Structures are given as structure tokens and as C-alpha cells.
Amino acid sequence: MDDEQQRPDHGPLAGFTVGVTAARRADELGALLQRRGAAVLHAPAIRIVPLADDSELLAATEQIVDRAPDVVVATTAIGFRGWVEAADGWGLGDALLERLRAVELLARGPKVKGAVRAAGLTEEWSPASESMAEVLDRLLEQGVDGRRIAVQLHGEPLPGFVEALRAGGAEVVGVPVYRWLPPEDLGPVDRLLDAALTRGVDAVTFTSAPAAASLLTRAEERGLLPGLLAALGHDVLAACVGPVTAVPLQAHGVDTVQPERFRLGPLVQLLCQELPARARVLPVAGHRLEIRGHAVLVDDELRAVPPAGMSLLRALSRKPGWVVPRAELLRALPGTGRDEHAVETAMARLRTSLGSSKLIQTVVKRGYRLALDPAADAKYTDG
């Protein structure tokens, strides 16, 4: 019972702000993050072309109906279902299914296999690993020279897969299910970029490679790419749902974190581990002070702190135990003011937010310092 009473009532992501770049399933990801206490900044970096309006998908479907391929590779469950549904809407559903019954149908993994069977079809083979590399190995081992192979794409062009088949002599027909384009409204993306550069977000999540590439492209268009890469390299965590999603970021030298299982739930759990582990923890005036993105835990009690106060607290925490001059603290405040009275005003609000005036000491005519506990004080000032 005591353990229950002592358990914090805030979530593991309380005090952190997480950017979400997803277009599909963004609400689900946002809800998972908010349930664990995070503030969410949603900025869909891509938009999905509606299947019924996609002239490229219609053309590919007509091409397959007119001339049957030897092999069809189904890569995603949602994509395969969407393709069949779109064909129905165009009056081509029965003809497409008839073609697919007559070809060698390969399904990448159990979910795709389920979608294939739900359409009344039977796959010839499916890898247990859900790996496109294993699908490619099987095709190349069988020999693809002179064969016509249709590949259901899922937003990403799968260039290595397609190029390897063509190099082996195959004719490849791409079926572009769920093509992704830049968002029509760039406002949310620009706000996310600005927040990343000012460290107003603690992490940015990516659930598709096109979304990562789109964010980088928009940053480059605005002349912000070096600043974004610097933020992602140090203060803002880049969290990807899997290795394919991480490729555009890693190509720019950005280190990313990924869950072992490439799903939204494990991605959120990973953030629940990574972000608190990156928070600065200091023993101050007999209290445990944990500095998070937009809030502070004082002995596991969550305290919301205004942006100006967080700027001051971070400046003080970078030199724990040392006096930080008012002029230096003034430079840390948002804006370009020159009046050191602004520091005193923001400091008074910070102390109120923290719930104690004893955590930060005023050193007359010099500045302010965190009131580190004696043992910690010696550690930081001697180091």
C-alpha cells in the first residue's frame, strides 16, 4: 500500500515534448504518447495520395490485368487490401483477382499473408522473417531473367530490390500503393522545425522514410538543415520505428534509436526509457531535481516551468554549484533584451514554479547558483 501511495502520479514522459511526423496512424501514436504524459506536436511531413484518385496505381492495375505477370510480390497488408479495394472501385476488382490467382504470389510476412487470404487468394510462399531481402534471395535463386515481376510498393520505391531484379534480367512492374507527397499545409512542419532548432521538442518520431526525407528537404529549403542536424545530433532525440525509416537521417550522419520490434507500442516504450535517461538530475538543497524539457521533477513531483524559467535553469545546471553572472543568464533568456531586470523577474517566477526559493541562491552583485548539496557541490566544483 505504501508503494502505491509513493508511486508518482505522472507518466514517464511527463515534462517532455515529442514531435510526430506521421501522416497515417498519427492519432494512435499521439494518444500513446499523451497517455504517458508527453506533450505532442503533430506535424505530418507527408500526405498520402488517395488510392481512388491515383492515376499511377490505376495504370499499373490495368497493365497487370491486360498482361499477366509471372510473379506478384505483396509487401504490406494495408497496401494489398487498399489495392484490391481501389480496383473494385474502378470496376477491375474481379479481373485483378483472376490474374492474381494465376500467378506466383509471394507475401512478405504473416500480416500480408492474412490480407492475401482474406481476398480469397493463396500465396505460394512467405518468409517467416518478414524480410524483403529473403524474398529477393528466393527470386534470384530461382532465376528472374526474362520473367515479368510485379511489386506492390508501399510508399518507398524499394530501389535496391527493384534494381537487383532488373540487373538479373527481370521486367519489373511497380504497383505504387500509398504514394507519399509533401504536405499541402507546410505550417505544422515549419513549426516543428522551429521548435527543434530552439530545443522546444525533446524528441521527433519517424514512422516512415519518406517522412524523414520530407522533413530534411523542408529544412534545406528554409536554409535550416545545418541547424536541424545539429539539434538532432545533440539535444533532440531522433526515434525511428525501424531501420528502413532511419536511412535518410543516417545518410546525414544523424544517430537514431529504434525499438527491437518495429511497431508503434515499442517505439513509445523506447521513448519512455530514453528521454528520462537523458534528463539532468541534480541533488539541490536536500531535494532531487530532474530537469526535463518543459517541466521539472522536484522529488518526483512534477512542476511546470515557463520557457524563460527553463532557459535560466538549464544555464544554471550547465555550471552546477558555480555562480552564473546575470549578464550570462540574460543571454540565455529567449529574446534579445538588454535589461538585467528581466533576469530577476524570470528568476522569481522560476522559484515560484519550483515551489521553493531555497533551490536557487542569489549571490549579491554577482548572479545566481544552484544550491547543490555539499557532497555534490565538491564533486562539481572540483571536477
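Percent antiparallel among DSSP beta bridges with both residues in the chain, to the nearest 5? The partial results should precede the final answer.
On the way: 21 of 48 bridges.
About 45 percent, rounded to the nearest 5.
Check each of the GluC sites (Glu not before Pro) in the stretch 252-358 and keep only those in coil by DSSP with at most 11 other C-beta atoms within 10 angstrom; list them in order.
On the way: sites: Glu260, Glu274, Glu290, Glu301, Glu328, Glu340, Glu344; in loops: Glu260, Glu340.
When the GluC sites (Glu not before Pro) of the stretch 252-358 are filtered for loop state and at most 11 Cβ neighbours within 10 Å, Glu260 remain.
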**Study point:** Chain lengthening between Thr217 and Arg101 when straightened (0.36 nm per residue, less Cα-Cα)
**Key:** 37.6 nm
Revision key, fill the gap. Under a Gaussian network model of the chain whose springs join Cα atoms within less than 10 Å, the largest fluctuation of Leu193, Leu232, Leu136 belongs to Leu136
Practice item. Determine ³J(HN,Hα), in whole Hz, for all residues of the stretch 177-190 in sequence, where each value follows from phi through the Karplus function 6.51 cos²θ - 1.76 cosθ + 1.60 and θ = phi - 60°; x replaces Gly and Pro. Key: 7, 6, 6, 10, 10, x, x, 5, 9, 8, x, x, 5, 5
Exercise for review: Measure off, as a whole percent, the carbon and sulfur share of the 1.4 Å-probe accessible area of the stretch 174-217, all protein chains present.
Suggested key: 56
Exercise for review: Please give the length that would be gained between Ala52 and Val65 if that part of the chain were fully extended, namely 0.36 nm times their separation in residues minus their C-alpha to C-alpha distance (nm, one decimal).
Suggested key: 3.0 nm
Check your understanding: With axes computed from alpha carbons, what is the tilt in degrees of helix 307-317 against the longest principal axis of the chain, rounded to the nearest 10 within 0 to 90?
Key -> 70
Point to revise | Bins of 20 Å from zero: percent of alpha-carbon pairs in the chain | key: 24, 44, 22, 10, 0
Review point. Considering only Thr198, Leu312, Ser131, whose Cα is most displaced toward the positive end of the charge dipole of the chain, charges sitting on Cβ of Lys, Arg (+1) and Asp, Glu (-1)?
Key: Leu312
Exercise for review: Treat each spin label as a single point 7 Å out from the Cα along the C-beta direction, and report the Arg263 to Arg288 distance in nm.
Suggested key: 3.1
Exercise for review: Report the residue, chosen from Gln142, Gln34, Gln152, that carries the largest GNM mean-square fluctuation when the chain is represented by alpha-carbon nodes joined by springs under 10 Å.
Suggested key: Gln142
Review point. If one takes the longest principal axis of the Cα atoms in the chain, at what angle in degrees, from 0 to 90 and to the nearest 10, does the Cα axis of helix 55-66 lie?
Key: 30
Point to revise | Residues listed by number, the stretch 231-262, amide nitrogen under 17 Å from Gln273 label point at 7 Å toward C-beta | key: 237-243, 256-262
Review point. How much accessible area does Thr207 have with a 1.4 Å probe, in Å² rounded to the nearest 10?
Key: 40
Study note, to complete from the structure: the chain, Gaussian network, Cα under 10 Å: of Ala167, Ala231, Ala52, the residue fluctuating most is Ala167
**Study point:** Karplus-derived 3J(HN,Hα), 6.51/-1.76/1.60, for each residue of the stretch 341-347, Hz, glycine and proline x
**Key:** 4, 4, 5, 4, 5, 5, 5
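Given the rule -39500 (n - 2.57) for each run of at least 4 DSSP H residues, summed and divided by the residues of the chain, what is its mean residue ellipticity at 222 nm, to the nearest 500 deg cm²/dmol? Each step should come with its number before you reach the end.
On the way: 17 runs with 177 residues, N = 383.
Calculated mean residue ellipticity at 222 nm is -13500 deg cm²/dmol.
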Study note, to complete from the structure: The extension gain from Asp185 to Asp339, computed as 0.36 nm times the residue separation minus the Cα-Cα distance, is 51.6 nm
Check your understanding: For the stretch 232-313, which whole-number percentage of the solvent-accessible area (1.4 Å probe, protein heavy atoms only) is attributable to carbon and sulfur atoms?
Key -> 52
**Study point:** Amide proton proximity set for His42, modelled H, under 5 Å, gap of 5+
**Key:** Val20
Check your understanding: Going by average Cβ neighbours within 10 Å, how do the peptides 37-46, 93-102 rank, with the highest at the top?
Key -> 37-46, 93-102
Check your understanding: To the nearest 0.05, how large is the calculated FRET efficiency for Asp94 and Glu328 if R₀ is 51 Å and r is the Cβ-Cβ distance?
Key -> 0.10
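In Å², and per residue, what accessible area does the chain have when probed at 1.4 Å with the other protein chains present? Intermediate results must be reported in sequence, preceding the final value.
Working: 18450 Å² over 383 residues.
Per residue, the chain has 48 Å² of solvent-accessible surface.
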Check your understanding: Rounded to the nearest 20 Debye, what is the dipole magnitude of the stretch 86-136 about its Cα centre when Lys and Arg each give +1 and Asp and Glu each give -1 at the C-beta?
Key -> 120
**Study point:** Spherically averaged projected area in nm², based on the convex hull that wraps the Cα atoms of the stretch 280-368
**Key:** 5.1
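Using R₀ = 56 Å, calculate the FRET efficiency as 1/(1 + (r/R₀)^6) where r is the Cβ-Cβ separation of Val364 and Ala133; round to 0.05.
On the way: r = 67 Å, r/R0 = 1.20.
The value I calculate is 0.25.
The values are calculated or read from the model by the stated rules, or taken from the named source; none is laboratory data. Bear in mind that the values here come from a model prediction, so they are computed numbers and not experimental data. Cβ: placed from backbone, ideal geometry, glycine included. Neighbour counts: every protein chain shown. Note: areas computed on protein heavy atoms with side chains; ligands, DNA, RNA excluded. Shrake-Rupley method; radii C 1.70, N 1.55, O 1.52, S 1.80 Å.
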